[in-house]
1. Which residue pairs have Cβ atoms under 9 Å apart, sit 6 or more places apart or on different chains, and have a first residue in the range 375-391 that is assigned by TED's automatic domain parsing to the domain that holds Leu108 and a second that is surrounded by fewer than 20 Cβ atoms within 10 Å (Cβ to Cβ) and assigned to a strand (DSSP E or B)?
2. Would you confirm whether any residue within the range 335-342 is assigned to a loop (DSSP other than H, G, I, E, B), of a type outside the set (D, E, K, R) and within 20 Å of the chain's Cα centre (by Cα)?
3. Within the range 60-79, can you find the residues that are among the hydrophobic types (A, V, I, L, M, F, W, C) and surrounded by fewer than 24 Cβ atoms within 10 Å (Cβ to Cβ)?
4. Being free of Cβ contacts under 8 Å to residues at least 24 places away in the same chain and surrounded by fewer than 22 Cβ atoms within 10 Å (Cβ to Cβ) is the filter here; which residues of the range 361-374 pass it?
5. Which is surrounded by 12 or more Cβ atoms within 10 Å (Cβ to Cβ), under 26 Å from the mean Cα position of the chain (by Cα) and either part of a strand (DSSP E or B) or not small (Gly, Ala, Ser) (or both), of Ile475, Ile453, Ile519?
6. Could you say whether any residue in the range 242-257 is over 28 Å from Val210 (Cα atoms) and either assigned by TED's automatic domain parsing to the domain that holds Asp73 or assigned to a helix (DSSP H, G or I) (or both)?
7. Checking the structure you have, find out if any residue of the range 417-426 is assigned to a helix (DSSP H, G or I) and β-branched (Val, Ile, Thr).
8. Given (1) at pLDDT below 90; (2) in contact with a Phe, Trp or Tyr (Cβ under 8 Å, 6 or more places away or on another chain), where does Gln485 come up short, assuming only one miss?
Amino acid sequence: MKWKVLPKKSNDLIKQLLINRRIKTKEEFEKFFNPNLGDYQKDLSIPGISKATERIKKAIKTQELIIAYGDFDVDGIAGAAILYLGLTKMGAKVLPYIPHREKEGYGLSFVGLDFARDAGASIVVTTDTGIVAFREAKYAKSLGLDLIITDHHEPQGVKRPDAFAIVHSLTLCGAAVAWTLVKDEELLDLVAIATVADMMPLLGVNRVLVKKGLAKLNLTKRIGLLALFHEAGISLGKIGAYEIGHIIAPRLNAMGRLEHAIDSLRLLCTKDVNKARRLASLVGETNTKRQLLTQEAVNEAKLQIDGKEKIHILTSAAWSPGIIGLVAARVCEETGKPAIAISLGQEESRGSARSNGTVNVVEVIRSCSDILVAVGGHFGAAGFTIATKYLKVFQKRLESMDLPIDQEERILEIEAEMPVKELTLELAKNLEDFEPFGIGNQKPILATSNMQISDLRTVGDNKHLKGKADGIDFIAFGMGELINQLVYPERSQRVNMAYTLEIDKWDGREKLQLKVKDIKLN
């Protein structure tokens, strides 16, 4: 792994980190550390909101039924919950709808629109989907449905569906776009979950939404969330972006991947304690099953890699469409190249793509639109359906593209080089002010040279490495095999170490710990 140390602009680490995030003025400083929704009204005042909300107000007055139509991932589920809870609170009659992944596929579906008509609805409000639903919008109009699209995915150029109103933003996640129709701050906990889960940049308006949402989340009285936290073994007051991304979101996502996401939606909205417990248990069990299936699929996918591909195209009839996004993400992460995982079907196959950060995967896939049934997504991730008979043509086209993807060595970005004497518990606590961490605001990776390591040992079936670096405890996950290179009978080895600062809390005590990202022999 190649280290890229960002240019030093200040001797003060906090100032350096702010400069790295392009925060230079006092106003920007204040917005970053003390964000306020009022500072981002421009981002939250999206064209189309007025027309959409006026139609919704009319529906509330006349008690017309509104369908809150979400997607089957966390963003869509949370968005549907926001619309259901927010509009119901305003006095609307609302019925939520989430499509079944395998039966209906991604996005606004004809089946879902038929459901809306049969239910007696006059309005369908989408969340996290619809911006490329041209045929479906036309069908909705033929059914007499007023379609309000709220979405954040990449549109097809300047072309837009023929909908009653469109509320679209590339800055926010889908649930946050839906939230702009209700703007109820009590629902920001769900906005925070969706924003982190959908890997939106945690700067600017997204930072304030997540920061305020986390405050709500840690005080939540939602029966379903409390049951989910209990099932997952996490406590109120200790929930941050990490817990959302690694514990909460995977559980909510699991239902849409393997079963039906409507149960995750029910969990978020229920007021019945017993129902919440049953649903939380179901979500947890399904997530465990998802983990096993994903690992099996990743192992199979790795056998298809020869290392020469510009872009990995991996296929299997055994893979559930619900896990192919995870397979693509894992392969992309481990190889540093874009990856596409495809669940093979007899007539049609479904694919999911992930970018390595240098390729706009939705545009790459859209270049093959003439042989695709459907495609949607954004720069970093995309999903599509293709007639199975065209798969070889699809693969040849992608392999022949001139993509800027070759990397001889993966890059680790170092925010600052630090002397050991400045690594303190107080500094680690000061860095907590930069939370929530995520895309665009990663936890600062620091580096120190010529560190003497001692007390080396492996833990976790020899997978992980623990020890001390210049007297400071460290943990290096997945680096257990390095112990043989680092242990010298005559002397302790000196290394250059890249790490994040962590606070190890145990039995009421706190101490500094380095979470190692990379070790280089000195």
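The values are calculated or read from the model by the stated rules, or taken from the named source; none is laboratory data. A quick note: this is a predicted structure, and the numbers were derived from the prediction, not measured. Reconstructed Cβ throughout: ideal geometry from the backbone, glycine too, with neighbour counts over all protein chains shown.
1. none
2. yes
3. Correct list: Ile60, Leu65.
4. Ser369, Asp370, Ile371, Leu372
5. Working: Ile453 fails: under 26 Å from the mean Cα position of the chain (by Cα); Ile519 fails: under 26 Å from the mean Cα position of the chain (by Cα).
Matching residue, one of Ile475, Ile453, Ile519: Ile475.
6. The answer is no; no qualifying residue exists.
7. Scanning the range 417-426, I find at least one residue that is assigned to a helix (DSSP H, G or I) and β-branched (Val, Ile, Thr), so the answer is yes.
8. The failed condition is (2).
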